[in-house]
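What follows is a single structure, written as C-alpha coordinates, with notes after it.
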Amino acid sequence: MQIYLPIAEVSVNAFLLLGLGGIVGILSGMFGVGGGFLMTPLLFFIGIPPAVAVATEANQIVASSFSGVLAHLRRKTVDLRMGTVLLIGGLTGAAVGVVLFNFLKAQGQVDLLVKLCYVVFLGVVGGLMFFESLRAIRRSKTAGGAAPKRRKHGLVHVLPFKMKFRVSGLYISVIPPLLVGLCVGILSAIMGVGGGFIMVPAMIYLLGMPTKVVIGTSLFQIIFVTGFTTMLHATTNFTVDVVLAVLLLIGGVIGAQIGTRIGVKMKAENLRILLALMVLAVCGKLALDLLLTPTELYSIGEGGH
(Lines give C-alpha, C1' and ligand atoms only; values in the text may rest on other atoms or scores of the structure.)
Protein backbone atom coordinates (compact mmCIF):
# COMPACT_ATOMS: atom_id res chain seq x y z
CA MET A 1 0.00 0.00 0.00
CA GLN A 2 1.78 3.10 -1.29
CA ILE A 3 1.31 6.34 0.65
CA TYR A 4 2.43 9.83 -0.38
CA LEU A 5 4.52 11.79 2.11
CA PRO A 6 3.77 15.51 1.56
CA ILE A 7 6.89 17.07 3.13
CA ALA A 8 9.35 14.43 1.89
CA GLU A 9 7.59 14.52 -1.53
CA VAL A 10 7.99 10.76 -2.13
CA SER A 11 5.66 7.71 -2.15
CA VAL A 12 6.56 4.85 0.23
CA ASN A 13 4.93 1.55 1.26
CA ALA A 14 3.02 2.15 4.53
CA PHE A 15 3.65 -1.39 5.83
CA LEU A 16 7.39 -0.96 5.24
CA LEU A 17 7.36 2.14 7.46
CA LEU A 18 5.33 0.36 10.16
CA GLY A 19 7.81 -2.54 10.07
CA LEU A 20 10.83 -0.23 10.33
CA GLY A 21 9.20 1.58 13.27
CA GLY A 22 8.58 -1.74 15.01
CA ILE A 23 12.17 -2.95 14.57
CA VAL A 24 13.60 0.31 15.90
CA GLY A 25 11.12 0.23 18.80
CA ILE A 26 12.39 -3.23 19.78
CA LEU A 27 15.98 -1.90 19.75
CA SER A 28 14.90 1.07 21.88
CA GLY A 29 13.47 -1.19 24.56
CA MET A 30 16.39 -3.64 24.48
CA PHE A 31 19.34 -1.25 24.48
CA GLY A 32 18.07 2.04 25.93
CA VAL A 33 18.71 3.88 22.66
CA GLY A 34 16.22 6.03 20.80
CA GLY A 35 16.91 3.95 17.67
CA GLY A 36 17.53 6.99 15.48
CA PHE A 37 21.10 5.85 14.70
CA LEU A 38 19.50 2.98 12.76
CA MET A 39 16.20 4.47 11.59
CA THR A 40 17.54 7.70 10.08
CA PRO A 41 19.99 5.86 7.74
CA LEU A 42 17.21 3.37 6.86
CA LEU A 43 15.03 6.33 5.85
CA PHE A 44 17.92 7.56 3.65
CA PHE A 45 18.05 4.13 2.00
CA ILE A 46 14.31 4.14 1.06
CA GLY A 47 14.57 7.60 -0.53
CA ILE A 48 13.58 10.05 2.25
CA PRO A 49 15.62 13.33 1.97
CA PRO A 50 18.17 13.58 4.85
CA ALA A 51 16.79 16.90 6.18
CA VAL A 52 13.26 15.43 6.45
CA ALA A 53 14.55 12.11 7.86
CA VAL A 54 16.50 13.88 10.63
CA ALA A 55 13.63 16.14 11.75
CA THR A 56 10.90 13.48 11.52
CA GLU A 57 12.90 10.69 13.17
CA ALA A 58 13.46 12.85 16.26
CA ASN A 59 9.65 12.86 16.57
CA GLN A 60 9.39 9.05 16.34
CA ILE A 61 12.08 8.58 18.99
CA VAL A 62 9.93 10.46 21.52
CA ALA A 63 7.16 7.86 21.32
CA SER A 64 9.31 4.72 21.30
CA SER A 65 11.43 6.08 24.18
CA PHE A 66 8.33 7.05 26.19
CA SER A 67 6.89 3.58 25.73
CA GLY A 68 10.18 2.02 26.85
CA VAL A 69 10.70 4.29 29.86
CA LEU A 70 7.25 3.44 31.28
CA ALA A 71 8.31 -0.20 31.52
CA HIS A 72 11.57 0.80 33.26
CA LEU A 73 9.76 3.11 35.70
CA ARG A 74 7.63 0.17 36.80
CA ARG A 75 10.85 -1.77 37.52
CA LYS A 76 12.38 1.25 39.36
CA THR A 77 15.42 1.25 37.03
CA VAL A 78 15.36 4.99 36.18
CA ASP A 79 17.65 7.45 37.97
CA LEU A 80 15.49 10.60 37.70
CA ARG A 81 18.10 12.85 39.31
CA MET A 82 20.83 11.77 36.87
CA GLY A 83 18.33 12.00 34.01
CA THR A 84 17.52 15.61 34.94
CA VAL A 85 21.22 16.63 34.97
CA LEU A 86 21.72 14.98 31.56
CA LEU A 87 18.57 16.71 30.34
CA ILE A 88 19.81 20.22 31.23
CA GLY A 89 22.91 19.63 29.08
CA GLY A 90 20.82 17.96 26.36
CA LEU A 91 18.34 20.81 25.89
CA THR A 92 21.21 23.33 25.64
CA GLY A 93 22.98 21.14 23.08
CA ALA A 94 19.79 20.67 21.02
CA ALA A 95 19.33 24.46 20.70
CA VAL A 96 22.97 24.86 19.55
CA GLY A 97 22.61 21.93 17.13
CA VAL A 98 19.48 23.32 15.43
CA VAL A 99 21.20 26.69 14.88
CA LEU A 100 24.15 24.86 13.26
CA PHE A 101 21.77 22.68 11.21
CA ASN A 102 19.92 25.75 9.88
CA PHE A 103 23.19 27.45 8.93
CA LEU A 104 24.43 24.40 6.99
CA LYS A 105 21.03 23.95 5.34
CA ALA A 106 21.24 27.54 4.08
CA GLN A 107 24.68 26.72 2.64
CA GLY A 108 23.31 23.58 0.92
CA GLN A 109 25.70 21.26 2.79
CA VAL A 110 23.37 19.65 5.32
CA ASP A 111 22.84 16.29 3.52
CA LEU A 112 26.56 15.60 3.21
CA LEU A 113 27.22 16.71 6.81
CA VAL A 114 24.52 14.40 8.22
CA LYS A 115 25.87 11.36 6.37
CA LEU A 116 29.51 12.10 7.24
CA CYS A 117 28.57 12.55 10.92
CA TYR A 118 26.91 9.13 10.87
CA VAL A 119 29.91 7.38 9.33
CA VAL A 120 32.39 8.95 11.79
CA PHE A 121 30.36 8.59 14.99
CA LEU A 122 28.96 5.14 14.25
CA GLY A 123 32.39 3.85 13.26
CA VAL A 124 34.15 5.15 16.38
CA VAL A 125 31.41 4.27 18.87
CA GLY A 126 30.65 0.88 17.31
CA GLY A 127 34.33 -0.11 17.29
CA LEU A 128 34.94 0.95 20.90
CA MET A 129 31.78 -0.77 22.14
CA PHE A 130 32.59 -3.99 20.26
CA PHE A 131 36.11 -4.37 21.69
CA GLU A 132 35.00 -3.34 25.19
CA SER A 133 32.15 -5.89 25.09
CA LEU A 134 34.54 -8.64 23.96
CA ARG A 135 36.85 -7.82 26.89
CA ALA A 136 33.88 -7.83 29.31
CA ILE A 137 32.75 -11.26 28.06
CA ARG A 138 36.29 -12.68 28.42
CA ARG A 139 36.62 -11.22 31.95
CA SER A 140 33.28 -12.66 33.04
CA LYS A 141 34.32 -16.12 31.77
CA THR A 142 37.73 -16.05 33.49
CA ALA A 143 36.13 -14.77 36.70
CA GLY A 144 33.77 -17.74 36.74
CA GLY A 145 30.77 -15.72 35.56
CA ALA A 146 31.21 -12.87 38.03
CA ALA A 147 30.69 -9.39 36.62
CA PRO A 148 33.79 -7.18 36.59
CA LYS A 149 33.95 -4.49 39.25
CA ARG A 150 33.47 -0.91 38.12
CA ARG A 151 36.21 1.61 38.78
CA LYS A 152 35.73 3.28 42.12
CA HIS A 153 37.64 6.49 41.34
CA GLY A 154 38.17 8.54 38.23
CA LEU A 155 37.86 12.07 36.86
CA VAL A 156 34.12 12.15 37.72
CA HIS A 157 35.05 11.77 41.43
CA VAL A 158 37.79 14.45 41.40
CA LEU A 159 35.91 17.34 39.75
CA PRO A 160 33.92 19.85 41.87
CA PHE A 161 30.10 20.31 42.18
CA LYS A 162 29.46 16.78 43.42
CA MET A 163 25.97 15.37 43.76
CA LYS A 164 24.59 12.14 45.22
CA PHE A 165 22.71 9.87 42.80
CA ARG A 166 21.05 7.28 45.06
CA VAL A 167 19.47 5.04 42.41
CA SER A 168 22.84 4.69 40.61
CA GLY A 169 24.77 4.45 43.89
CA LEU A 170 27.09 7.31 42.86
CA TYR A 171 28.52 10.48 44.43
CA ILE A 172 30.15 12.31 41.51
CA SER A 173 30.61 15.74 39.89
CA VAL A 174 27.68 17.00 37.77
CA ILE A 175 30.10 18.42 35.13
CA PRO A 176 30.66 15.15 33.16
CA PRO A 177 26.90 14.33 32.96
CA LEU A 178 26.20 17.90 31.79
CA LEU A 179 28.88 17.60 29.06
CA VAL A 180 27.57 14.18 27.97
CA GLY A 181 24.06 15.67 27.73
CA LEU A 182 25.34 18.69 25.77
CA CYS A 183 27.10 16.49 23.17
CA VAL A 184 24.05 14.23 22.81
CA GLY A 185 21.76 17.27 22.37
CA ILE A 186 23.89 18.62 19.51
CA LEU A 187 23.91 15.18 17.83
CA SER A 188 20.15 14.88 18.28
CA ALA A 189 19.58 18.11 16.35
CA ILE A 190 22.08 17.43 13.54
CA MET A 191 21.65 13.67 13.10
CA GLY A 192 18.03 13.03 14.15
CA VAL A 193 19.08 10.60 16.86
CA GLY A 194 18.26 10.18 20.51
CA GLY A 195 21.99 9.84 21.13
CA GLY A 196 21.61 6.63 23.11
CA PHE A 197 24.39 4.94 21.11
CA ILE A 198 26.80 7.48 22.63
CA MET A 199 25.00 8.12 25.92
CA VAL A 200 24.71 4.46 27.01
CA PRO A 201 28.49 3.72 26.71
CA ALA A 202 29.31 7.11 28.32
CA MET A 203 27.03 6.43 31.29
CA ILE A 204 28.53 2.96 31.81
CA TYR A 205 32.24 3.64 31.23
CA LEU A 206 32.63 7.37 32.00
CA LEU A 207 30.09 7.93 34.79
CA GLY A 208 30.30 4.37 36.18
CA MET A 209 26.53 3.76 36.33
CA PRO A 210 25.15 0.20 36.66
CA THR A 211 23.88 -1.18 33.32
CA LYS A 212 20.38 -1.98 34.65
CA VAL A 213 19.84 1.73 35.55
CA VAL A 214 21.53 3.13 32.42
CA ILE A 215 18.89 2.01 29.89
CA GLY A 216 15.85 3.53 31.65
CA THR A 217 17.73 6.75 32.54
CA SER A 218 18.95 7.13 28.94
CA LEU A 219 15.39 6.76 27.60
CA PHE A 220 14.08 9.33 30.13
CA GLN A 221 16.55 11.97 28.90
CA ILE A 222 16.01 11.09 25.23
CA ILE A 223 12.24 11.77 25.44
CA PHE A 224 12.64 15.44 26.34
CA VAL A 225 15.68 16.24 24.17
CA THR A 226 14.19 14.71 21.01
CA GLY A 227 10.81 16.32 21.73
CA PHE A 228 12.50 19.72 22.03
CA THR A 229 14.52 19.05 18.86
CA THR A 230 11.37 18.11 16.92
CA MET A 231 9.65 21.34 18.00
CA LEU A 232 12.64 23.46 16.89
CA HIS A 233 12.90 21.69 13.50
CA ALA A 234 9.14 21.99 12.92
CA THR A 235 9.09 25.72 13.66
CA THR A 236 12.36 26.75 11.96
CA ASN A 237 12.93 24.25 9.11
CA PHE A 238 9.39 22.96 8.39
CA THR A 239 10.92 19.54 7.68
CA VAL A 240 8.77 17.35 10.00
CA ASP A 241 6.60 15.03 7.88
CA VAL A 242 3.54 14.23 10.04
CA VAL A 243 2.36 11.28 7.90
CA LEU A 244 5.79 9.65 8.06
CA ALA A 245 6.06 10.35 11.79
CA VAL A 246 2.66 8.77 12.63
CA LEU A 247 3.46 5.53 10.79
CA LEU A 248 6.86 5.26 12.49
CA LEU A 249 5.26 6.10 15.87
CA ILE A 250 2.72 3.27 15.72
CA GLY A 251 5.40 0.67 14.95
CA GLY A 252 7.84 2.16 17.46
CA VAL A 253 5.47 2.13 20.47
CA ILE A 254 4.53 -1.53 19.96
CA GLY A 255 8.15 -2.57 19.33
CA ALA A 256 9.50 -0.82 22.46
CA GLN A 257 7.31 -2.92 24.78
CA ILE A 258 8.53 -6.14 23.11
CA GLY A 259 12.17 -4.97 23.25
CA THR A 260 12.00 -4.17 26.98
CA ARG A 261 10.87 -7.73 27.75
CA ILE A 262 13.66 -9.21 25.60
CA GLY A 263 16.33 -6.93 27.13
CA VAL A 264 15.53 -7.97 30.72
CA LYS A 265 16.26 -11.62 29.88
CA MET A 266 19.64 -11.03 28.21
CA LYS A 267 23.09 -10.49 29.77
CA ALA A 268 24.42 -6.90 29.70
CA GLU A 269 27.62 -7.92 27.84
CA ASN A 270 25.64 -9.73 25.12
CA LEU A 271 23.31 -6.73 24.72
CA ARG A 272 26.27 -4.38 24.25
CA ILE A 273 28.02 -6.55 21.66
CA LEU A 274 24.78 -6.91 19.65
CA LEU A 275 24.31 -3.15 19.68
CA ALA A 276 27.95 -2.64 18.60
CA LEU A 277 27.54 -5.03 15.65
CA MET A 278 24.40 -3.23 14.47
CA VAL A 279 26.10 0.17 14.76
CA LEU A 280 29.06 -1.08 12.66
CA ALA A 281 26.77 -2.64 10.02
CA VAL A 282 24.86 0.65 9.50
CA CYS A 283 28.16 2.57 9.42
CA GLY A 284 29.52 0.24 6.70
CA LYS A 285 26.43 0.66 4.51
CA LEU A 286 26.51 4.48 4.81
CA ALA A 287 30.25 4.60 4.05
CA LEU A 288 29.72 2.47 0.93
CA ASP A 289 26.94 4.78 -0.28
CA LEU A 290 29.25 7.81 0.11
CA LEU A 291 32.21 6.14 -1.62
CA LEU A 292 30.48 4.37 -4.53
CA THR A 293 29.56 6.34 -7.67
CA PRO A 294 25.77 6.88 -7.73
CA THR A 295 23.71 5.46 -10.63
CA GLU A 296 22.39 8.97 -11.35
CA LEU A 297 25.19 11.52 -11.41
CA TYR A 298 22.86 14.49 -11.70
CA SER A 299 19.50 15.35 -10.15
CA ILE A 300 17.07 18.18 -10.89
CA GLY A 301 16.21 20.51 -7.97
CA GLU A 302 14.89 24.00 -7.38
CA GLY A 303 17.18 26.95 -7.89
CA GLY A 304 19.59 27.44 -4.99
CA HIS A 305 19.27 23.80 -3.78
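The values are calculated or read from the model by the stated rules, or taken from the named source; none is laboratory data. For clarity, every value in this text was computed on a predicted model and none was experimentally measured. As a convention, Cβ positions derive from the backbone with ideal geometry for all residues, glycine included, and neighbour counts pool all protein chains shown. The area values use the complete protein model at the heavy-atom level, side chains included, leaving out ligands, DNA and RNA. Shrake-Rupley method; radii C 1.70, N 1.55, O 1.52, S 1.80 Å.
Apply the Karplus parameterisation 6.51 cos²θ - 1.76 cosθ + 1.60, with θ equal to phi minus 60°, to every residue of the stretch 199-213 and state each ³J(HN,Hα) to the nearest whole Hz, in sequence, with x for glycine and proline.
Result, ordered by residue: 5, 4, x, 5, 5, 6, 8, 8, 8, x, 7, x, 4, 5, 8 Hz.
Step through the table entries Lys141/Lys265; Lys162/Lys265; Lys76/Lys164; Lys162/Lys212, compare each Cα-Cα distance with 27 Å, and write down the pairs that go over it.
Lys162/Lys265
With r defined as the distance between the Cβ atoms of Tyr171 and Lys265 and R0 fixed at 35 Å, what FRET efficiency is calculated, to the nearest 0.05? Walk me through the numbers on the way to the answer.
Values: r = 32 Å, r/R0 = 0.90.
Efficiency, rounded to the nearest 0.05: 0.65.
Could you order peptides 244-254, 165-175 by the average number of other Cβ atoms within 10 Å of their residues, highest first?
Averaged packing, sorted descending, gives the order 244-254, 165-175.
I'd like the Karplus ³J(HN,Hα) series for the stretch 73-83: coefficients 6.51, -1.76, 1.60, θ = phi - 60°, whole numbers in Hz, and an x wherever there's a Gly or Pro.
Values per residue, Gly and Pro as x: 5, 5, 8, 6, 10, 10, 8, 5, 5, 5, x Hz.
Please report, as a whole percent, how much of the solvent-accessible surface of the stretch 37-92 comes from carbon and sulfur atoms (probe radius 1.4 Å).
Details: 1240 of 1800 Å².
Its accessible area is 69 percent carbon and sulfur atoms.
Starting from the amide H of Leu170, placed 1.01 Å from N in the peptide plane, find each other amide H under 5 Å away whose residue is 5 or more places distant or on another chain.
Amide H to amide H, under 5 Å and 5 or more residues apart or across chains, Leu170 pairs with Phe165.
In whole Hz and in residue order, list the ³J(HN,Hα) couplings for the stretch 116-133 that follow from phi through the Karplus curve 6.51 cos²θ - 1.76 cosθ + 1.60, θ = phi - 60°; x for Gly and Pro.
Going residue by residue, I get 5, 4, 4, 4, 5, 5, 5, x, 5, 5, x, x, 4, 5, 4, 5, 5, 5 Hz, with x marking Gly and Pro.
In terms of modelled amide H atoms, which long-range or inter-chain residues lie less than 5 Å from the amide H of Asn13?
So Asn13 has HN proximity to Ile3.
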